[in-house]
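Nothing in this text is a laboratory measurement; each read-out follows from the coordinates by a stated rule. This structure is a prediction, so every number in the text was calculated from the model and none was measured. Cβ coordinates were reconstructed from backbone atoms using ideal geometry, including for glycine residues, and neighbour counts include every protein chain displayed.
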Amino acid sequence: MSHSHPMRARRRRALGAATLLWSATAAAQEPSTAAAPPAHAPAEPSSESDVPFSGSATLQREALVREVLARNPGLQAAREAWQAALARVPQASALEDPMLSYGVAPFSIGSRQVPYGQEVKLGQALPFPGKLALKGEVAAAEAAAARNDWVDARQRLALMASLLFDDSFVAHRALAINAEHLELLRALKKSAEAQYVVGRASQADPLQAEVQLGELMRERLTLETQRNTLRAQLNALLHRAPQLPLPPPPESLAFPEADPMESTSLQEEALRQRPELEALRARVGGREAAVRLAQREYLPDFELMGSYNSMWMDPQHRLMVGVGLNIPFFQLGKRKAAVQEAEADLRGMRRDEARLVDAIRAEVDQARERLMEARGVATLERERILPAARDQVAAARAGFTTGRNSFLAVIEAERSLRNARLRVAEALADVQRRQAELDRAVGLLPAVAAEGETR
């Protein structure tokens, strides 16, 4: 007589038992502790085929910084690292997969003397309550730290772009000043030649002007190299070929009239906003969770088990359920060492936090002092030294025409004026550099106005 129908019935009962056990283990899973994605995710970078600043007559600082932040691949890599850390949170807080096994009694297959023998087992590992939540907390702390690492990378990149903008401004202004003084020296040379013809100057005077013209031409070659090098560096930040053109910077930079806040207020603001400190504090929170997790490793883990064995004679014995647990007894030394390691990591991280707080306070105070110095120097150069240099050139030219001073005095006055104009351009750029560095020290995005602000 065939046993095919009883075998199918037993298989259906085994499948039903497995389904019930699966439902029981799924209901036993802990809720996920994964961190939600940020409410304001970073915008996707603009297409590389786009031409930045098209139609712009001049290159503006904020537009440059925004474009760099949108295009730079290094910043995009930091963002992807943050997203990868965020994706590890649900992985860390998830249960392991249940184990399903199926076995048969091989000598019962096709036998007419004994019924078909089979066994279905299902097991689900269940960590002690709270362990998965702590693992998710550790991963969430690393994700929060990775996000602040990305914010820090944005601020550093914005600062780099802003500083290169100032360097480019100085290089372009130096070239413009060089061109203007080339024309001035040519005019002075003609004046010296005219004075030589009428016997009021020596033959050496036009030659002095020629020497100065040669020096200015040599200086121009150096300045053009600097300009092209800076253009290549800016294009590298923009993820573009180094030789591609960029609009020139404006002819002048704004001078901020308002003084910065007091150092103490800026320091407190920095301690609330600096992303490196936020990242370190997130990691401290993760280490605290790691200590609690190491302490919980002294507690046993469980396994929810169930099986169906068709080979039991009594039908009531064929379906079995049970619970297993490990006994953390023989590895107490290992668990104690793990707790000590986690506590040492936490103490070290807290000391790093205290060190970073001190470093941030010092950085903010020094950045403010450098800004105040740059503002004072720029004011002095613009309002006192430059007007005096202009007057000196006018007086020297008038004195040379009337024979009251030599042509060398005119050359020296022209050189002083040229240097004064270069120092004014450098001083204005230095104010912007020190302002960007202070913004970065406080935890702001340099050169980019926050909502409702202007720069």
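For the chain, what relative contact order do you get, as a whole percent, if you take Cα pairs closer than 8 Å and at least 6 residues apart? Walk me through the intermediate numbers first.
Working: 580 pairs, mean separation 102.4, N = 455.
So the answer I get is 23 percent.
For the stretch 127-251, what relative contact order do you get, as a whole percent, if you take Cα pairs closer than 8 Å and at least 6 residues apart? Write down the numbers at each step before the final one.
Numbers: 68 pairs, mean separation 36.4, N = 125.
After rounding, I find 29 percent.
Lysine pairs in the chain 8 or more apart or on different chains: how many have alpha carbons under 22 angstrom apart?
Taking the Cα cut-off of 22 Å, the pair count is 4.
Please report, to two decimal places, log10 I(q)/I(0) for the stretch 170-222 at q = 0.15, 0.17, 0.22, 0.30 Å⁻¹ as given by the Debye formula with identical point scatterers on the Cα atoms and no solvent.
Treating every Cα as an identical point scatterer, log10 I(q)/I(0) equals -0.44, -0.54, -0.75, -1.07.
The stretch 298-385: which chymotrypsin sites (Phe, Trp or Tyr not before Pro) are DSSP loop and have at most 11 other beta-carbon atoms within 10 angstrom?
Within the stretch 298-385, the qualifying chymotrypsin sites (Phe, Trp or Tyr not before Pro) (loop, at most 11 other Cβ atoms within 10 Å) are F329, F330.
In units of 2.2 N^0.38 Å, what is the alpha-carbon radius of gyration of the chain?
Working: Rg = 38.1 Å, N = 455, 2.2 N^0.38 = 22.5 Å.
The chain yields a ratio of 1.69.
Run the helix sum for the chain: -39,500 (n - 2.57) per DSSP H stretch of 4+ residues, divided by residue count, reported at 222 nm to the nearest 500 deg cm²/dmol. Show your work: numbers first, answer last.
Working: 10 runs with 291 residues, N = 455.
Rounded to the nearest 500, it is -23000 deg cm²/dmol.
Once the convex hull of the alpha carbons of the stretch 284-436 is built, what does its volume come to per residue, in cubic angstrom?
223
Which whole-number percent is the relative contact order of the stretch 293-448 (Cα, under 8 Å, 6+ apart)?
Reported relative contact order: 20 percent.
Which order results if L271, L428, L244 are arranged by neighbouring Cβ count within 10 Å, fewest first?
Starting with the residue having the fewest Cβ neighbours, the order is L244, L271, L428.
With a 10 Å radius around each residue's Cβ, average the other Cβ atoms per peptide and rank 70-77, 340-347, highest first.
70-77, 340-347
Compute the separation of the alpha-carbon centres of the stretch 166-207 and the stretch 274-327 and state it in Å as a whole number.
One Cα centre to the other: 84 Å.
Which whole-Hz couplings ³J(HN,Hα) result when phi for each residue of the stretch 242-252 is put into the Karplus expression 6.51 cos²θ - 1.76 cosθ + 1.60, θ = phi - 60°, listed in order with x for Gly and Pro?
After applying 6.51 cos²θ - 1.76 cosθ + 1.60, I find x, 8, 5, x, 10, x, x, x, x, 6, 8 Hz.
Could you tell me what fraction of 2.2 N^0.38 Å the Cα radius of gyration of the stretch 379-455 comes to, as a two-decimal ratio?
Ratio of Cα Rg to 2.2 N^0.38 Å: 1.69.
For the stretch 99-246, what is the largest minus smallest coordinate of the Cα atoms on each principal axis, given in angstrom and ordered from greatest to least?
Principal extents (largest minus smallest coordinate, Cα): 138, 38, 20 Å.
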